[in-house]
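Since the structure comes first, as structure tokens, the remarks are kept for the end.
The values are calculated or read from the model by the stated rules, or taken from the named source; none is laboratory data. Since this is a predicted model, take the numbers as computed values, not measurements. Counting neighbours? That spans all protein chains shown, and the Cβs are built from the backbone with ideal geometry, glycine included. We work out accessible area using only protein heavy atoms, side chains counted, and drop any ligands, DNA or RNA first. Shrake-Rupley method; radii C 1.70, N 1.55, O 1.52, S 1.80 Å.
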Amino acid sequence: MATGVDQLVGMGLVGFSLLLFTYYTIWVIVLPFVDSRHILHSYFLSREYAVILPAVAGLLLVLLVGTFIAIVMWKNRKPTKKTD
């Protein structure tokens, strides 16, 4: 069973993910239909970052997962026997 701290951390991560998803959804889907002089535009970055930031995050994720897999495979390798 999860402890209270584990549950709190899990709820925090879920809350952060929900907040990030809501922000990105409003930024990408709703904001293009709002007048460019509206006050709502001041809370968001320019639109080109809507593509650049997820691409960089995806590349970073692939790099970290690949590095983790390489380290695990390197540590678990078996020594090869020499044949004469």
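Place a +1 charge on the Cβ of each Lys and Arg in the chain and a -1 charge on the Cβ of each Asp and Glu, then give the dipole magnitude about the Cα centre in debye, rounded to the nearest 20.
For the chain, the charge dipole is close to 560 debye.
Under the simplified labelling scheme, the Ser17-Val34 pair shows an inter-label distance of 2.6 nm, with each label point 7 Å from Cα along Cα→Cβ.
How many percent of the alpha carbon pairs in the chain exceed a separation of 20 Å? All intermediate terms of the calculation are to be shown ahead of the outcome.
Details: 2209 of 3486 pairs.
Pairs farther apart than 20 Å: 63 percent.
Surface composition of the chain: carbon and sulfur atoms hold 74% of the protein heavy-atom accessible area at a 1.4 Å probe. Across the stretch 9-24, rounded Karplus estimates of 3J(HN,Hα) from the backbone phi angles (6.51 cos²θ - 1.76 cosθ + 1.60, θ = phi - 60°) give 5, x, 5, x, 5, 5, x, 4, 5, 5, 5, 5, 5, 5, 4, 5 Hz, Gly and Pro being marked x.
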